[in-house]
Every structure is written in C-alpha cells, then in structure tokens.
Amino acid sequence: MKVLVTGGTSGLGLAMASALAATGASVVLTGRSGERAESVAAGLPGATGLEMDVRDESSVARAVDRAWSRLGGIDMLVNNAGIGMRTVNPRFMTQPQGFWEVPSDAFRAVIDTNLTGYFLVAREITPRMLASGGGRIVNISMNHSTMRRAGFVPYGPSRAGSEALSRIMAADLRGTGVTVNLLLPGGATVTGMLPQDAVPEGHGFLSPAVMGPPIVWLASDDAAGVHDERIVAAEFGQWLRDWQSRQ
C-alpha cells in the first residue's frame, strides 16, 4: 500500500503514518516545513517527508506529483492536515469567545486549511486515481458536538464543511473504484491542537494512537470497496463487528 498522509508530522497524522509504516506500507507524509517533514519521516521505516502547504494550489500540485513519482503511484490519500482553535483563541477550552469576537483573518486561515485544503488535495489526486483504476481517500473529521459547540468558530464550521465535502465526494465517486470514507478519533485527543494547561480538570483524553487500528484496516484488502462510511476510532472494534455482520 502506497499512502500519502497530509499533516503527518505530529498528532493524528503522525500516529496514522506510524501505524501504516509499521505494517510495511510505503508512506509519504507532508508538512508546511519540508525540513521537519523529512526529519519526522526519517524516524519511520520506509517513509518519506515532503513539503506541502494545503492552502496553496501550486504547493499541493508539486507535492502530489513528487509523492506519486516517488512511490510509483498512490493507493490511499489520508486528508488530515489542519489547524485548531488554539490558533484563534489559545484558551478556547476554558475561556471560549463568541463568533463575533473572532478575527476575520483567523477565520479564513482555519477554513483555508481544514476545508479548502481537503478539497485541493483531493481534487489534485482523484484524477490520477481514476486514471490508474482506483484508490482510497480517507478524510479525517471530528465529533458532531465539535461542530456546534459554543466558542468553536471557526474550527467547528471547518470540520462540518469537510464532512459535507467528504459525503459529496463519496456520492460523486460511487462506482468509480475510488472510495471515500470518514475517520474521526471519537473524543478530545492529546495533540498540539489541545494545550494541556488550558483544559478543565477531570477532562479525559484519547491518545492519537487510537487512529492506528482503523487506518491500518482501511488500507487492508479487507476494506476494499468500503465506501461512504463514518468510522469513530474509539469505537472501531464495535463498528467493525457491526459492519461484518451486515456483509
């Protein structure tokens, strides 16, 4: 399996890239800093790091072209690159601010990364997958509660938009051989997006490693043809049993 993971230098992206690389997949992980991406990739077996700014069409085109050439094709895209509320309000967990207090440039930065970025990368890679006969796209999302929580503009809208985008992508690609699925952790996860000193006491967290088993399964032969599913990583075991019972 040849996999491109955007935003793979930390957090959920790194956890998924690590899990895939451990199974023998050839992984290209991207980050805005090419130097950091290369450094992180050097710690994973058979992985490569590339610079990609998902907000920039030319950067996306260059990185996808290089990844495709380096791997000899791409079987799976993991659309993960994103920025969180911390970039807008460092204390968003304990001191949420109303949407009318959010600077317009901060709003655009999150939407450009979390929503437009998913679109640009998927738009660049999908024609290649169609031409090669198939592929898999996994878009990373968050709980629906995040999309309607007070103080979560613009992160909530960005993730709601990317989830709607994913569903429409799945509808557009149904029957083509390119599958599209959603994967989300299932709760607040310990990543750089969540500052530990700004979290209420008693709040539990998931480890980014929770994303490993479902992403590895989605890259497996068993998941060939799985399409337009929304998988919660923290509930993956039960989801998989339910899915298998429907087959």
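In segment 178-217, what count of residues is obtained for those that are at pLDDT 80 or above, over 20 Å from residue 163 (Cα atoms) and polar (S, T, N, Q)?
So the count comes out to 1.
When residues of segment 9-31 are filtered for being part of a helix (DSSP H, G or I), on the phi < 0 side of the Ramachandran plot, in contact with a strand residue (DSSP E or B) (Cβ under 8 Å, 6 or more places away or on another chain) and open to solvent by 10 Å² or more (accessible area, probe 1.4 Å), how many remain?
Result for segment 9-31: 2.
For the structure I just gave you, tell me whether residue 50 is more than 20 Å from residue 181 (Cα to Cα), assigned to a loop (DSSP other than H, G, I, E, B) and open to solvent by less than 60 Å² (accessible area, probe 1.4 Å).
no
Restricted to segment 150-168, and to residues that are touching a residue at least 12 places away in the same chain (Cβ under 8 Å) and of a type in the set (A, V, I, L, M, F, W, C), which residue is farthest from residue 79 (Cα to Cα)?
My answer is 150.
Of all residues in segment 146-176, which are of a type in the set (D, E, K, R), open to solvent by 40 Å² or more (accessible area, probe 1.4 Å) and part of a helix (DSSP H, G or I)? Don't jump to the end; show me each part of the working.
Initially, segment 146-176 is screened for residues of a type in the set (D, E, K, R), giving 148-149, 159, 163, 167, 172, 174.
Okay, now just the ones that are also open to solvent by 40 Å² or more (accessible area, probe 1.4 Å), so 148-149, 167, 172, 174.
Within segment 146-176, 148, 167, 172 meet the criteria.
Please specify each residue of segment 57-88 satisfying the condition of being under 12 Å from residue 124 (Cβ atoms), crowded, with 17+ Cβ neighbours inside 10 Å and hydrophobic (A, V, I, L, M, F, W, C).
Once the filter is applied, which keeps residues that are under 12 Å from residue 124 (Cβ atoms), crowded, with 17+ Cβ neighbours inside 10 Å and hydrophobic (A, V, I, L, M, F, W, C), segment 57-88 yields 60, 63, 64, 67, 68, 74, 77.
The values are calculated or read from the model by the stated rules, or taken from the named source; none is laboratory data. Since the model is a prediction, treat every value here as computed from it, not as a measurement. Heads up, the Cβs are rebuilt from the backbone with ideal geometry, glycines too, and the neighbour counts pull from every protein chain shown. In case anyone asks, the SASA skips ligands and DNA or RNA and just uses the protein heavy atoms, side chains included. Shrake-Rupley method; radii C 1.70, N 1.55, O 1.52, S 1.80 Å.
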